Structures are given as structure tokens and as C-alpha cells.
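Below: one structure, written as C-alpha cells.
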Ligand code: F6P
């Protein structure tokens, strides 16, 4: 390869710039030029491509967000177009490929979550050499123990829990922290363990409100007048639905999650009489500088992505298994869930220290 492309798709995530930097530097070391697409697959369709010299990635390692811009809306295979006040969708994958060919770009590194990786896999089927890099604070990509960005999100949520303890203890309250994670409970589970939560409610284990209330009441009977609850935005009560609002047209999601924490705090207060408050951490979990772990992981992924291309491996995703970087077929990953194993060690350890999952 003489020239490769790189793009970031989906929500922003700490460590994106670290991957871009590693891709550009590793490529340069092997005489390969890197071009960046602006705003994910949208820039590829709209021909917004720019050469990325080593100098253009200088200083970006600790920076949050992505220097390339991103969006979770644009899918070249089903591209949103505005035609005379009307929104229509068209397959512009051919145009995207033509834009790459015109610049002599022979392969693409796509850095993104499941939606982005799925589109990458589709381009792979059209013959474009593609390497995927698993990005998301949610850690919900199968086949890899870690997506970069997750460690930073957990660190932010843990810090929030440490701070919430102060008010919980002083005011004898129930403090509920709603964290992100989409349909997976990884952020809730890890931050709940790290932040000493009493209850951790995750999408994988629908919760029974009576069990949560019993935990709070039991703690009070034992002289613990406060409780800390971490609830994943995708958690739902037994026989209940996920809480959220309809996602905007063109979004990759059908529902924009959020609101379960507020509902839970209200229900707990109503049924136990204990004053309860909810904090929604939201996009604070995605913003700012990546942790050292995420910087290192993102760098390893970026290096590995280029090394795959150098060794002729394509149509794969780089992944972390037992602290080694491995590659997996993109086709085997795309579109599959990467949830918390309910019977796994971490849930068992949490149960062993008496953390309540509401079941
Ligand atoms: O996938 C990352 C994530 O932050 C999820 O945890 C969350 O549900 C979603 O993105 C929020 O997306 P948006 O920024 O589009 O509201």
C-alpha cells in the first residue's frame, strides 16, 4: 500500500486521536501516506478528504474527541439526502469508493463502534481492504476484552460515585447515578465495583424494584442510612421497558436512552420514604482526555491496524485478548452484541461482596 485512509465514526470517545496518531506515525515509518476523512463516512461520500502528515498529529495524544470530526448518522449504503424539502435515502457506496480511487487510497482504517464496523465490513465485501478498530465507551463489541474509551468512562463514573458518597452519607439519602453504556452494563458494573455501590442495575439483569428497596431497608436496619445505586441507562425493571425517547430520524438507534435513573429515584423515595436523588452523568463520560490505559490501548490498536495491512491481512478488526493484540474477522463481529456475561466472574464477585443486582 502506498496510501491509506482513516476515519472515525459514531460517537466521540477518548482515545480516538491516539489511534489516528498511531496510524499516521506507523504508516509514515513504512513509507505509507495517510488521508483522513472528515466526519466519518459522510466525508467519504462528500469527498472531504485531507492528507495527514506526521506534523498534523503532533500533540493530539492526550486530546479528547477526534481531529477528523465524526457523526453517527451517515451510512453510504443508505445515505440521507435532502431533495426539495424531502429526505430520501440512496446507496452512495459507489461514490465513496470512487472518491477513494480518485485519490489513490487503497485501504481504509475505520475506527468506530458496531455501526461503523458493520459499514466497514460491507465495504470489505465490495473488495476494499478494511481494518476495524473497536471504539466505544460502552465496551460492547464482541471478541475484544476492551474497547478504547471504556477505561476513561469508568474512571469518570467512579470519580462521580466517590463524590456522591459525600452527600449520600451526610444527608442519609439514596443517591442514584445513571451511567451510559447503551444496551450493555459494562460501565455500570465496573464503576459500581470501583465506586463501592450497593446496587448495580444493568440491562442484562432486569431488576425487581422490591429487591432494590429491600436492600436499602436492610442497610438502614443495620445502621447504614444511605445507599448508592448505579443504574445503566439501558437497565429496565422486570416486565418493564427501557426508558428513553424516540431517536432523531436518520440516527442509527431507534430509541435515545435515558431517564431510568430519575424514574428509579422517584420510585424508591415513594416506596421506602427515603429521600432519593438522581445524577445523570451523560456525555461527561465521553469527554476530555483519555486515561493512560486508553492512550496505550488506542496506540496499540493504531499500530496493529497498519501492521495488518502491511502483512496483507484485511477484513479484520484488531482486538485485545489476554493483553495481546489479536485480529478477528470483521464479518464475525459486525452486528453482534457484546454484553456483560450474567454468569461471568465479575458479576459473581460483585454478588460475593453482597452487591444487589435487583434480582
Ligand atoms: O455509544 C456511546 C454512547 O455514549 C452511549 O453510551 C449512549 O447511549 C450514546 O452513545 C449517546 O449517543 P448520543 O451522543 O448520540 O446521544
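Here is how the numbers come out for the structure above:
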read-out	value
Within the range 345-358, tally of residues that are exposed (fewer than 13 other Cβ atoms within 10 Å of the Cβ) and assigned to a loop (DSSP other than H, G, I, E, B)	2
Selection within the range 301-344 - touching a residue at least 40 places away in the same chain (Cβ under 8 Å), closer than 24 Å to residue 105 by Cα and in a helix (DSSP H, G or I)	301, 302, 303, 305, 306, 307, 308, 309, 310, 330, 331
Restricting the range 154-180 to residues that are under 16 Å from the mean Cα position of the chain (by Cα) and part of a helix (DSSP H, G or I), the residue that is nearest to residue 223 (Cα to Cα)	157
Hits in the range 236-253 - residues which are in a strand (DSSP E or B), modelled with pLDDT under 90 and away from the ligand (no atom under 12 Å from the Cβ)	246
When residues of the range 22-32 are limited to those that are in contact with a strand residue (DSSP E or B) (Cβ under 8 Å, 6 or more places away or on another chain) and within 16 Å of residue 110 (Cα to Cα), the one surrounded by the most Cβ atoms within 10 Å (Cβ to Cβ)	23
Enumeration of residues in the range 119-154 that are crowded, with 20+ Cβ neighbours inside 10 Å and more than 14 Å from the ligand (Cβ to nearest atom)	119, 120, 121, 123, 124, 128, 130, 131, 132, 133, 144, 151
Hits in the range 254-281 (condition: part of a loop (DSSP other than H, G, I, E, B) and either closer than 24 Å to residue 342 by Cα or touching a residue at least 60 places away in the same chain (Cβ under 8 Å) (or both))	258, 259, 274, 275, 281
Scan of the range 96-114 for residues that are outside any strand (DSSP E or B) and over 17 Å from residue 146 (Cα atoms), ordered by number	96, 97, 98, 99, 100, 101, 102, 103, 104, 105, 106
Selection count, the range 181-235, where residues are outside any strand (DSSP E or B) and either away from the ligand (no atom under 16 Å from the Cβ) or surrounded by fewer than 18 Cβ atoms within 10 Å (Cβ to Cβ) (or both)	27
Matching entry among 44, 61, 97 (being surrounded by 13 or more Cβ atoms within 10 Å (Cβ to Cβ) and in contact with a strand residue (DSSP E or B) (Cβ under 6 Å, 6 or more places away or on another chain))	44
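The values are calculated or read from the model by the stated rules, or taken from the named source; none is laboratory data. Keep in mind the model is a prediction, meaning the values are calculated, not measured. Here Cβ is always computed from backbone atoms with ideal geometry, including for glycine, and neighbour counts include all displayed protein chains.
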